[in-house]
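K.L.:
Here you go, one structure.
What follows is calculated from the coordinates using simple rules that are stated; it is not laboratory data. On a predicted model such as this, the values are computed, not experimentally measured, just so you know. Methodologically, a virtual Cβ is constructed for each residue, glycine included, from the backbone with ideal geometry; neighbour enumeration extends over all protein chains shown.
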Amino acid sequence: MDIELFRPQYEVEECLNEIRECLTVGWTGAGFKTIQFEEAWKAYTKLTHALFVNSATSGLHLAVKALKVRRKWSEGDEIISTPLTFVSTNHALLYEGMKVVFADIDDTLCLDPESVEKAITPRTKAVMYVGIGGNSGNYEQVAKLCAAHGLDLVLDAAHLAGTRLNGAQIGAGASAVVFSFQAVKNLPTADSGMVCFSDPDDDTYARELSWLGINKDTYTRTHGSGSYKWMYDVESVGFKYHGNSIMAAIGLVQLRYLDRDNAYRRQLGTWYDNCLKNHDAVRTVPIAPGCETSRHLYPILVENRDETILALNSAGIAPGVHYRINTDYPMYSYAKGSCPRAEWTHRRLLSLPMHLGLGFDEIKYISESLDSIVSRNMVHA
Ligand SMILES: *Cc1c(COP(=O)(O)O)cnc(C)c1O
């Protein structure tokens, strides 16, 4: 057996046809397919705006920058975030000189609303929330807290493509929802992302920032088009963050299969649940009520996590860890020890293989291997 943690699956012929169209018409950059994909994404999520970018990391940075500038945040103002995430989440805050204040997680691996509330100070401007592994966690409670305290909410939805909460795309109440279409996420392209603002002016500003601050419209508005077509205004020091038509072409195709693929991931999750439910030494992570998870990850908690990973490797299985606590890294170490629950959790956490190439036999094999390893470890301990 050789079972990988992730393996992206593409609708190859359909993707090639969409890409061929870009190459044939000679349009691979921003515009054309990126516009089609933004429209398709809005129709799918029912979010009001969608800006296609070259990664979720860029999207998170744009979200933080747009909110900072437009809400007049100062450097050193506080944003409450989770320590149990991919570093992009928190780096996006550091890019803009915000102070990352960590709140602790609950048993869903997402931010604990009570801990968030305790972390609010007069300098708090926003909360950065991450739906780990496709789980909404207690997102709605955090959204309510933000509304009550006048805070912006940014949802890092890198794992949440297709996650629904009470029947609708998760993201209600967020100022920005940021998706990843990186190669191992649920809607794989190669690298790209989408940032969905609720405020049209935030969207307009971020759109301009995503292309170096260039505003093609202002000049033509003032001077008419025609001979001034080459002319544009540069209104701010923006970035080269916009997406391109090749990535959007892949995204358009993959989106058609997202619900089907996520339903199969949930099936894999149910198989894991059933295979693991009688193993006292393996804790699974509860999906929040009302959440139809995208099942990006299947996380579990075990004692002797590192030994377990090595033993799984010997059985031909490649688990992962999502994530190492960010306060272990030097730029966040100032907060070391401030989140005991995340600390406890990350030492026991691992992600079992989760991708569309798996079937019941693999899930059974992984669960049985895990069972024999964990019970062996229990005897050692
Ligand atoms: C993957 C990921 C990102 C970054 O996505 P990219 O598209 O690779 O930039 C951000 N946050 C989380 C939680 C992720 O898993």
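K.L.:
Can you give me the Kirkwood hydrodynamic radius for the range 85-225, using every pair of distinct Cα atoms, in Å to one decimal?
P.N.:
One over the average 1/r among Cα pairs gives 16.5 Å for the range 85-225.
K.L.:
Regarding the range 3-61, what whole-number volume in Å³ per residue does the convex hull of its Cα atoms give? The partial results should precede the final answer.
P.N.:
On the way: hull volume 8.1 nm³, N = 59.
Cα-based convex hull of the range 3-61, divided per residue, equals 137 Å³.
K.L.:
Further question: Ignoring solvent entirely, what values of log10 I(q)/I(0) come out of the Debye formula for the range 315-381 at 0.19, 0.25 Å⁻¹ when each Cα is a single scatterer?
P.N.:
Listed by q, the Debye log ratios stand at -0.86, -1.07.
K.L.:
I'd like the FRET efficiency for residue 306 and residue 216, computed as 1/(1 + (r/R0)^6) with the beta carbon distance as r and R0 of 41 Å, rounded to 0.05.
P.N.:
Details: r = 53 Å, r/R0 = 1.30.
Efficiency for this residue pair is about 0.15.
K.L.:
Of all beta bridges DSSP finds with both residues in the chain, what is the antiparallel percent, to the nearest 5? Each step should come with its number before you reach the end.
P.N.:
Values: 24 of 40 bridges.
In the chain, approximately 60 percent of DSSP beta bridges are antiparallel ones.
K.L.:
Right, something else. Taking 0.36 nm per intervening residue step and subtracting the Cα-Cα distance, what contour gain separates residue 123 from residue 270 on full extension? Can you show the working numbers first?
P.N.:
Values: separation 147, 0.36 × 147 = 52.92 nm, distance 4.30 nm.
Length gained between residue 123 and residue 270: 48.6 nm.
K.L.:
State the dimensionless ratio Rg/Rh of the range 234-361 (Rg: radius of gyration of Cα atoms; Rh: Kirkwood radius). Walk me through the numbers before you get to the answer.
P.N.:
Numbers: Rg = 18.9 Å, Rh = 17.8 Å.
Checking Rg against Rh, the ratio lands at 1.06.
K.L.:
Modelled label-to-label distance, residue 20 and residue 48, 7 Å Cα→beta-carbon offset: nm?
P.N.:
Computed distance between label sites residue 20 and residue 48 equals 4.1 nm.
K.L.:
What is the dipole size for the chain, taken about its Cα centre, with +1 at each Lys and Arg Cβ and -1 at each Asp and Glu Cβ, in debye to the nearest 20? Mind showing how you got there, number by number?
P.N.:
Numbers: 37 positive and 45 negative charges, 105 e Å.
The dipole magnitude comes to about 500 debye.
K.L.:
Given the convex hull of the Cα atoms of the range 12-256, what is a quarter of its surface area in nm²?
P.N.:
On the way: hull surface 55.1 nm².
Mean projected area for the range 12-256: 13.8 nm², to one decimal.
K.L.:
Hey, with R₀ at 25 Å, roughly what FRET efficiency would residue 1 and residue 336 work out to, going by the Cβ-Cβ distance, to 0.05?
P.N.:
On the way: r = 39 Å, r/R0 = 1.54.
Approximately 0.05, to the nearest 0.05.
K.L.:
What ranking do 240-246, 295-301 get when scored by the average of other Cβ atoms within 10 Å per residue, highest first?
P.N.:
Values: 240-246: 21.3, 295-301: 23.9.
Packing proxy ranking, top to bottom: 295-301, 240-246.
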